[in-house]
Amino acid sequence: MIYIVMIVIAYLLGSIPSGLWIGKYFYHKDIRKEGSGNIGTTNTFRVLGPKAGTVVLVMDILKGTLAASQPYLFHVNVNPLLIGLIASVGHTCSIFDNFHGGKAVATSAGILLAYNPLLFVIASLVFISVILLTSMVSCASIIGVSTIFIIALCIHDHVLSIIAGIITLLIIVRHRSNINRIIHGNESMVSFGLGHYLREKRFNNK
């Protein structure tokens, strides 16, 4: 019975549409109708600004961390990654958003934080480094989660390899349109980093 309870809690935690609710109740905006239309951290930054974006980022990370921490809290012998994965599913398929949702990047990072803080730090450093090089959040997200998948294979953590592989596929699928724009050179960029600098320089030289 406790396993069912943890699964339900993980799904409901993951389903909390942080960006959507903060936009509606504090800014009176539906971020699904602005920017990229996504309810995640990146579009929240874009539509509502850095304050709201930071709050959503923290909330989305905590959703994954709390969900994956349940085995520790309930003293149940089950791998926290298995429970945490349900939170990622909830984030992408939220019961509170007509079974739509975000791309599960921050929530997946939160799962990793509960499971292995050192790998969370590594993933965060990779994510930040790629953003500074490419100025693309989508690119940083894909490379960050893929890095954890590769590390898991190298250290022979079979459960993490499987879960990271599933999440990598999930994030790639959720970023299909972004990947297409990256290939064609018209992906959205943040307003800092080498990629943004080079694009602005190229634009100004035309």
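Of the numbered conditions (1) in a loop (DSSP other than H, G, I, E, B); (2) open to solvent by less than 20 Å² (accessible area, probe 1.4 Å); (3) farther than 30 Å from Gly185 by Cβ, Ile39 fails exactly one; give the number of that condition.
Every listed condition holds for Ile39 apart from (3).
Return a yes/no flag: does the range 8-17 have any residue that is surrounded by fewer than 22 Cβ atoms within 10 Å (Cβ to Cβ), part of a helix (DSSP H, G or I), in contact with a Ser or Thr (Cβ under 9 Å, 6 or more places away or on another chain) and modelled with pLDDT under 95.
No, the range 8-17 has no match at all.
Could you tell me whether the range 102-112 includes any residue that is among the charged types (D, E, K, R) and open to solvent by 20 Å² or more (accessible area, probe 1.4 Å)?
Of the range 102-112, the ones among the charged types (D, E, K, R) are 103.
Filter once more, so that each one left must be open to solvent by 20 Å² or more (accessible area, probe 1.4 Å): 103.
Yes, the range 102-112 has at least one match.
Being in a loop (DSSP other than H, G, I, E, B) and of a type in the set (S, T, N, Q) is the filter here, so list the residues in the range 186-206 that pass it.
Correct list: Asn186, Ser188, Ser191, Asn205.
Here is a check on your reading of the model: is Asn180 more than 29 Å from Ile83 (Cα to Cα), out of contact with any helix residue (DSSP H, G or I) (no Cβ under 7 Å at 6 or more places or on another chain), part of a loop (DSSP other than H, G, I, E, B) and open to solvent by 70 Å² or more (accessible area, probe 1.4 Å)? Spell out how you get there, then give the answer.
Numbers: more than 29 Å from Ile83 (Cα to Cα): yes; out of contact with any helix residue (DSSP H, G or I) (no Cβ under 7 Å at 6 or more places or on another chain): yes; part of a loop (DSSP other than H, G, I, E, B): no; open to solvent by 70 Å² or more (accessible area, probe 1.4 Å): yes.
Spelling it out, it is not the case that Asn180 is more than 29 Å from Ile83 (Cα to Cα), out of contact with any helix residue (DSSP H, G or I) (no Cβ under 7 Å at 6 or more places or on another chain), part of a loop (DSSP other than H, G, I, E, B) and open to solvent by 70 Å² or more (accessible area, probe 1.4 Å).
Which of the helices (runs of 4 or more DSSP H) found entirely inside the range 47-159 contain at least 2 residues meeting this: in contact with a Phe, Trp or Tyr (Cβ under 7 Å, 6 or more places away or on another chain)?
Where helices (runs of 4 or more DSSP H) fall fully within the range 47-159 and carry at least 2 residues being in contact with a Phe, Trp or Tyr (Cβ under 7 Å, 6 or more places away or on another chain), they are 50-68, 80-92, 105-115, 137-154.
Could you grab me the full set of residues in the range 168-177 that are touching a residue at least 60 places away in the same chain (Cβ under 8 Å) and not in a loop (DSSP other than H, G, I, E, B)?
The first filter runs over the range 168-177 and keeps only residues touching a residue at least 60 places away in the same chain (Cβ under 8 Å), leaving 170-171, 174-175.
Leu170, Ile171, Arg174, listed by residue number.
The values are calculated or read from the model by the stated rules, or taken from the named source; none is laboratory data. Remember, predicted model here, so these are calculated numbers, not experimental data. All Cβ positions, even for glycine, are placed from backbone atoms using ideal geometry, and neighbour counts span all protein chains on display. Accessible surface areas use protein heavy atoms only, side chains included; no ligands, DNA or RNA. Shrake-Rupley method; radii C 1.70, N 1.55, O 1.52, S 1.80 Å.
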